[in-house]
Structures are given as C-alpha cells and as structure tokens.
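Participant: I'd like to ask you about the structure that follows.
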Amino acid sequence: MITLQQWRDCEGQPFTLPDGNTLVLESVSMPVAPDGWECFSLLFAAPCELEQGMRTLRHPTLGEEAVFLVPLGPFGATDGTQRFEAVFNRRVANP
C-alpha cells in the first residue's frame, strides 16, 4: 500500500494505466481527519476519458497500485484534459 507521504512525493509525476494512457498526479489534499484515521484525496489529470472504476496505476518508483477513480470532468480545460479523483479513508495502524 502506497503511503500518504509517498503519494505527496509524487505530485506532478505521471502514472501509467495498463492501456498506455498516462495520468499526472496534480495534487494531494488532506481534509481534517478524525483521530486514528488517514483521509486524503488524489487529483489526476489525463488527456483521455475514463469511466468510474478500479484502475491499476503504474509508477517507476512506487510500482503498481489499484485505485478507484471517479471522473470529475475538464474543470474548465479547453484542451481535452480530464480530471479524476481517488479518495482514501483508512484507519491508521498505530494512532
């Protein structure tokens, strides 16, 4: 499992899908989380459209990770770039 810090270290970097499309991790945001929980979201950008669902992302340093991506739309982009979000809410092993 990729840690929150590892995701943060990869902001601005590309992740590849099995079909060859590339998503760039634009940002990692962390809303306030209750004690004992780690909550954050990842915002990706890509020049392709994807349906909501599980996707395997590949990164040269982090390896493979399956994430559930939700399409958010273009966010005003006129170049065909689409945005996707993955949300994580998980209990911290040792709070």
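What follows is calculated from the coordinates using simple rules that are stated; it is not laboratory data. This is a predicted model, so every value here is computed, not measured. Heads up, the Cβs are rebuilt from the backbone with ideal geometry, glycines too, and the neighbour counts pull from every protein chain shown.
Participant: What number comes out for the charge environment of Gly76, summing +1 per Lys or Arg and -1 per Asp or Glu over other residues with Cβ under 14 Å away?
Facilitator: In short, -1.
Participant: Looking only at Pro34, Pro14, Pro47, which one moves most when the chain is put into a Gaussian network model with springs between Cα atoms under 10 Å?
Facilitator: Comparing Pro34, Pro14, Pro47 in a Gaussian network model of the chain, the most mobile one is Pro34.
Participant: How much length, in nm to one decimal, is gained on full extension between Leu4 and Thr16, taken as 0.36 nm per residue of separation minus their Cα-Cα distance?
Facilitator: On the way: separation 12, 0.36 × 12 = 4.32 nm, distance 1.90 nm.
Taking 0.36 nm per residue and subtracting the Cα distance, the gain is 2.4 nm.
Participant: Return the equivalent ellipsoid semi-axes of the chain as a descending list in whole Å, where each equals the square root of 5 times an eigenvalue of the C-alpha gyration tensor. Intermediate results must be reported in sequence, preceding the final value.
Facilitator: Numbers: eigenvalues 110, 46, 27 Å².
Semi-axes, largest first: 23, 15, 12 Å.
Participant: I'd like to know which of Gly80, Ser29, Leu43 lies farthest towards the positive end of the charge dipole of region 4-91, counting +1 on Cβ of Lys and Arg and -1 on Cβ of Asp and Glu.
Facilitator: Going by the Cα projections, it comes out as Ser29.
Participant: Run lengths n ≥ 4 of DSSP H only: what is the helix-derived mean residue ellipticity at 222 nm for the chain, with -39500 (n - 2.57) per run over all residues, to the nearest 500? Present the calculation step by step, with values, prior to reporting the outcome.
Facilitator: Working: 1 runs with 6 residues, N = 95.
The helix contribution divided over the chain gives -1500 deg cm²/dmol.
Participant: If a paramagnetic tag sat 7 Å from the Cα of Phe75 along the Cα-Cβ line, which residues of region 36-54 would have the backbone N under 11 Å from that point?
Facilitator: Under 11 Å, as judged by backbone N against the label point of Phe75, lie 42-46 of region 36-54.
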